[in-house]
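Below is one structure; the comments refer to it alone.
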Amino acid sequence: MTRYRTEKDSMGELKVPSSALYGAQTQRAIDNFPVSGQPLPHAFIRALLLAKRAAATANSKLGQIPAEMGEAICQSVDALLEEDFMTHFPVDIFQTGSGTSSNMNANEVLATLASRHYGQPVSPNDHINCGQSSNDVIPTTIHISASLALAEALLPALQHLESVIRRKATEVAAYVKTGRTHLMDAMPVRMSQSLDAWADQIARNITHLKQLQPSIQSLAQGGTAVGTGINAHPDFAAAFTLALSTHTGMTFTPAENFFTHIGSQDIAVALSGQLKTTAVTIMKIANDLRWMNSGPLAGLGEIELEALQPGSSIMPGKVNPVIPEAAAMVAAQVIGNDTTLTVAGQSGNFELNVMLPLVAKNLLESLTLLSNVSRLLADKAIATFTVREDKLNEALARNPILVTALNPIIGYLKAAEIAKLAYQENRPIIEVAEQHTDLSKAELERLLDPASLTDGGP
């Protein structure tokens, strides 16, 4: 049977589980928002705790709280981060739009722990939340959590994916395959040319994400309730970002305009937009892999992906492209997250955006999904697929579109006539061209050599 204690806040008394580190305001939020059953992401709560640590360090240096109290708060944060701290943060994502409930959740938990370390009462509002408002803490935490996820997870994962693709491109450079436009046969390409195109797409996404890092690492902290800085020490923003940068090893800066960072989420929307672009790239690569792997008998069958698990509960021996399928689903989710985040970004009413928890949830989910699936795509699909050269050569030998190389010699109309005959009679293009032009077989073999055509022609 759950035991309870009585806690009190500005609205009165409330029963809270005896074992809970949080207090009355957190319990009110638990009672008020039984919506999704999902708390805010682990990465967000971690960043929120780091923000509280930096605030305690800054406030103690600025003389706003006793140095020993500041140290007790920092010790409490460090202790939480070493354990499974999420059990102490049960507030639903779908809560008050400012995220006040989650901010107070952190304030109450840290006040309980810090009081034990300090040996005297530590107030969740007056001490843990000193110089802060939920209105600048939560936008700050969104930026901190996204910055860490971007630097620690997504960028390294994308760099790994690009590296694996380029290495695979070198391995398969000797293979020539039928190019395809509109999913129809086109001029030949080297397999490495297709893969290098993927790698360049990833590289551009990396570049664009890095360009957003200075913006996402600029913070609202110090703006307090509306952007004026009321109740915060004039040097608090600078001291806060210095403490946070020192602790994380990343460069965080105060926002040039606190009103912008509190009243809007444009930077988060911009980052989400680039995550959407990255998802589009992942979707393209995943679908190319699926098509190239299709068959193996009735499809293209150009490559064979690593067999990872049985593909059917009823068809023995069937193996499916599970990693590209998972990647495609991630891409779809990230694209959907961006749409939601775009709507949330429009909810900056006057001096405060009121969909901050939703922004945090979707932004971090997209960062996490892309980070994880990029490594899977690299290591369990691209690095390990094998090329079916017999299928490549079979298609190349019967590809009438090779006749495009003869346009400068025999003209487009004559080349089209030869291509149509080759289709109709199901004959190799060289055989038909030899019969209907004055070119010798040796000359046709030189002109229509697929490998030379991938370099622009003989």
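The figures follow:
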| item | result |
| --- | --- |
| Percent of alpha-carbon pairs separated by more than 21 Å within region 332-410 | 62 |
| Sparsely packed GluC sites (Glu not before Pro) within region 237-308, loop by DSSP, other Cβ within 10 Å at most 10 | E256 |
| Phi-based couplings in Hz for region 39-54 (Karplus 6.51, -1.76, 1.60; Gly and Pro marked x) | x, 4, x, 3, 4, 5, 5, 4, 5, 5, 5, 5, 5, 5, 5, 5 |
| Region 385-453 versus region 305-365: alpha-carbon centroid distance in Å | 43 |
| Exposure proxy ranking, count of Cβ atoms within 10 Å, fewest first, for L413, L369 | L413, L369 |
| For S218, net neighbour charge (Lys/Arg +1, Asp/Glu -1) across residues whose Cβ lies under 14 Å away | -3 |
| C-alpha center-to-center spacing [region 30-107, region 166-233] in angstrom | 33 |
| Kirkwood hydrodynamic radius (C-alpha pairs) into Stokes-Einstein, region 398-453, 4 °C and 1.567 mPa s, D in µm²/s | 120 |
| Order of L453, L448 under a 10 Å beta carbon neighbour criterion, fewest first | L453, L448 |
| Range of Cα positions in the chain per principal axis (Å), largest first | 99, 51, 35 |
| Three principal axis lengths of region 20-130 [C-alpha, angstrom, descending] | 40, 24, 23 |
| Likely footprinting exposure, M315, M355, M292, M86, fewest C-beta neighbours within 10 Å first | M315, M86, M355, M292 |
| Acute angle (nearest 10 degrees) that the helix 236-248 long axis makes with the longest principal axis of the chain, alpha-carbon atoms | 60 |
| Summed residue charge, Cβ within 15 Å of N129's Cβ, Lys/Arg positive, Asp/Glu negative | -2 |
| Size of charge dipole - the chain - debye, nearest 20, with Cβ of Lys, Arg +1 and Asp, Glu -1, no other charges | 340 |
| Estimated dipole of region 21-147 in Debye, rounded to 20 [Cβ of Lys and Arg +1, of Asp and Glu -1, Cα centre] | 180 |
| Debye, to nearest 20: dipole size of region 211-335, +1 on Lys, Arg Cβ, -1 on Asp, Glu Cβ | 180 |
| Options L80, T112, C130, ranked by Cα towards positive dipole end of region 20-130, top entry (Cβ charges) | C130 |
| Residue-span extension gain [E445 to E71] - 0.36 nm each, minus C-alpha spacing | 126.7 nm |
| Where Rh is the Kirkwood radius over Cα pairs, Rg/Rh for region 308-458 | 1.26 |
| Between helix 155-171 and the chain: long-axis angle, C-alpha atoms, 0 to 90°, nearest 10 | 20 |
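We did not get these values from a lab; they are worked out from the coordinates using the rules stated. None of the values given here were measured: they were computed from a predicted structure. Glycine also receives a Cβ, built like all others from the backbone with ideal geometry; neighbour counts cover every protein chain displayed.
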